[in-house]
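The values are calculated or read from the model by the stated rules, or taken from the named source; none is laboratory data. All figures in this text were calculated on a predicted structure; none of them were measured in a lab. Neighbour counts run over all protein chains shown; Cβ positions are idealised from the backbone, glycine included.
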Amino acid sequence: MLNYSDSWQGSLLPGNYKEMDRYFEEWMNRRDSGTQTLRPKGEASEDKGHYYFKLDLPGISKDQIKIEFQDQTLTISGERKQEKSEESKKQHVSELNYGSFIKSYTLPGAVHSEGIQANYEYGVLQVSVPKSELTKSKQIQIR
């Protein structure tokens with residue numbers, strides 16, 4: 001089983017209140033620090049030979065994304081910077097998200113770190129992490 005974390009630690013509130021608490025905390029963080037934290041959506045899956053990770057990162061160029069693997073943990077981080085607007089422009093609405101993010105996935109078994117591959121196309125990052133022979137499942141026959 002994969003362990004997952006991101007830069008937000010969560011809440012102890014039940015049900016729908018967790019989502020409301022998250023929005024309130026993000027709003028307070030932006031108000032206090034003047035910055036935002038991105039929360040890109042993603043998914044993690046696996047088959048017999050690989051772990052797979054997919055993150056939606058629209059508006060972020062691949063040179064603004066960093067992928068690291070250390071101590072059985074895959075860490076993906078990045079930042080979407082807000083473009084400086086012309087002083088003569090008056091902005092009425094901004095619904096775009098800016099800021100930085102960090103997502104970490106702790107893998108349950110040994111992997112072949114030299115074989116990790118990443119592809120970024122149309123705002124979607126895909127990372128493939130091959131399992132090592134020690135991690136791959138196999139059926140043992142009883143004699």
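Laid out as a table, the results:
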quantity: Candidates ARG31, ARG80, filtered to the one that is at pLDDT below 90 and out of contact with any strand residue (DSSP E or B) (no Cβ under 8 Å at 6 or more places or on another chain); calculated: ARG31
quantity: Within the range 36-72, tally of residues that are at pLDDT below 90, in contact with an Asp or Glu (Cβ under 7 Å, 6 or more places away or on another chain) and of a type in the set (S, T, N, Q); calculated: 1
quantity: Total residues in the range 105-123, condition of a type outside the set (A, V, I, L, M), more than 19 Å from PRO58 (Cα to Cα) and in contact with a strand residue (DSSP E or B) (Cβ under 6 Å, 6 or more places away or on another chain); calculated: 6
quantity: Filter result for SER132 (among the small types (Gly, Ala, Ser), closer than 23 Å to SER61 by Cβ and surrounded by fewer than 16 Cβ atoms within 10 Å (Cβ to Cβ)); calculated: no
quantity: Neighbours by Cβ (under 8 Å, 6+ apart or cross-chain): first from the range 46-69, farther than 27 Å from LEU96 by Cβ; second surrounded by fewer than 11 Cβ atoms within 10 Å (Cβ to Cβ) and modelled with pLDDT under 95; calculated: LYS48/SER137; TYR51/SER45; TYR52/SER45
quantity: Qualifying residue in the range 82-100 (condition: closer than 17 Å to PRO40 by Cα, among the basic types (Lys, Arg) and out of contact with any helix residue (DSSP H, G or I) (no Cβ under 6 Å at 6 or more places or on another chain)); calculated: no
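Per-residue answers, yes or no, for (1) hydrophobic (A, V, I, L, M, F, W, C); (2) surrounded by fewer than 13 Cβ atoms within 10 Å (Cβ to Cβ); (3) part of a strand (DSSP E or B); (4) within 13 Å of the chain's Cα centre (by Cα):
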site	(1), (2), (3), (4)
PHE69	yes, no, yes, no
GLU79	no, no, yes, yes
GLN82	no, yes, no, no
GLU87	no, yes, no, no
GLU95	no, yes, no, no
ILE102	yes, no, yes, yes
PRO108	no, no, no, no
